[in-house]
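Below you'll find the structure, written out as structure tokens, and then a few comments.
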Amino acid sequence: MPKENVERAIKKATDKDTANYKEVLFEGYAPHGIAILVETATDNNNRTVANVRSYFNKCNGTMGTQGSVEFMFDHTCNFRISANGIDPEELELELIDFGAEEVFEDEDGILIYAPFGSFGTIQKELENRKLEILSSGFERIPQITKKLTEAEIADVEKLIEKLEEDDDVMNVYHTMEE
């Protein structure tokens, strides 16, 4: 997401009462059969619906109904912790009881992936073990992806860029192979 969008969203949120905001999920298809899932936070649902629909229409996509593509994505939570002296395989065996599905090490620490509903349980266990949580968040991971040609990728990216430029859009997920 561009830095300007983040700054604009922060300014917008601090200028107004945030109690009026609600999260809305939009679903649809980009050109070439790519499923798109759009997470928004809005204080004016009519404006957001109109904007998202116009982006889909302008880019030869179609907006879907609720549930039309959401099932194609796994809603997950993730944590990144410091790897100092921790064996990822041993940690994975211990965290399976708390809902963790995948634990692996990369250059920035240890990543833990779990279903969306396990977020609180895993966070509490990591805090109880006094492990430093470097970051945490939520993702929607596509179950299947579709490979496209260069020209087709450009068509889909045009829609994704338009969606990401909208102030109300928080995240855009897709089934395009990267």
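The values are calculated or read from the model by the stated rules, or taken from the named source; none is laboratory data. Every value quoted in this text rests on a predicted model; they were computed, and no experiment measured them. Here Cβ is always computed from backbone atoms with ideal geometry, including for glycine, and neighbour counts include all displayed protein chains. Please note that ligands, DNA and RNA were not included when accessible areas were found on the heavy atoms of the full protein model with its side chains. Shrake-Rupley method; radii C 1.70, N 1.55, O 1.52, S 1.80 Å.
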- Query: Which order do K130, K162, K11 take when ranked by solvent-accessible area (1.4 Å probe, heavy atoms of all protein chains), largest first?
  - Reply: K130, K11, K162
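Give the calculated FRET efficiency between R47 and E161 to the nearest 0.05, with a Förster radius of 30 Å applied to their Cβ-Cβ distance. Could the numbers behind the result be given before it?
Details: r = 20 Å, r/R0 = 0.65.
Rounded to the nearest 0.05, the efficiency is 0.95.
Mind scanning K3/K58; K11/K162; K124/K158; K11/K158; K58/K147; K11/K130 and naming the pairs with a C-alpha gap bigger than 30 Å?
Details: K3/K58 25 Å; K11/K162 21 Å; K124/K158 41 Å; K11/K158 26 Å; K58/K147 23 Å; K11/K130 34 Å.
Where the Cα-Cα span goes over 30 Å, the pairs concerned are K124/K158; K11/K130.
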- Message: Quick check: the distance between the Cα centres of the range 102-135 and the range 35-77, to the nearest angstrom?
- Response: 29 Å
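Could you tell me the relative contact order of the chain? Use alpha-carbon pairs under 8 Å, at least six residues apart, and round to a whole percent. Can you show the working numbers first?
Numbers: 288 pairs, mean separation 51.2, N = 178.
Here the relative contact order equals 29 percent.
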- Could you pull out the chymotrypsin sites (Phe, Trp or Tyr not before Pro) across the range 8-87 that fall in loop regions by DSSP (anything but H, G, I, E, B) with no more than 16 other Cβ atoms inside 10 Å? Y21
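Could you work out how much longer the chain between E4 and T65 gets when fully extended? Use 0.36 nm per residue separation minus the Cα distance between them, nm to one decimal. Each step should come with its number before you reach the end.
Values: separation 61, 0.36 × 61 = 21.96 nm, distance 3.04 nm.
Gain in length upon complete extension: 18.9 nm.
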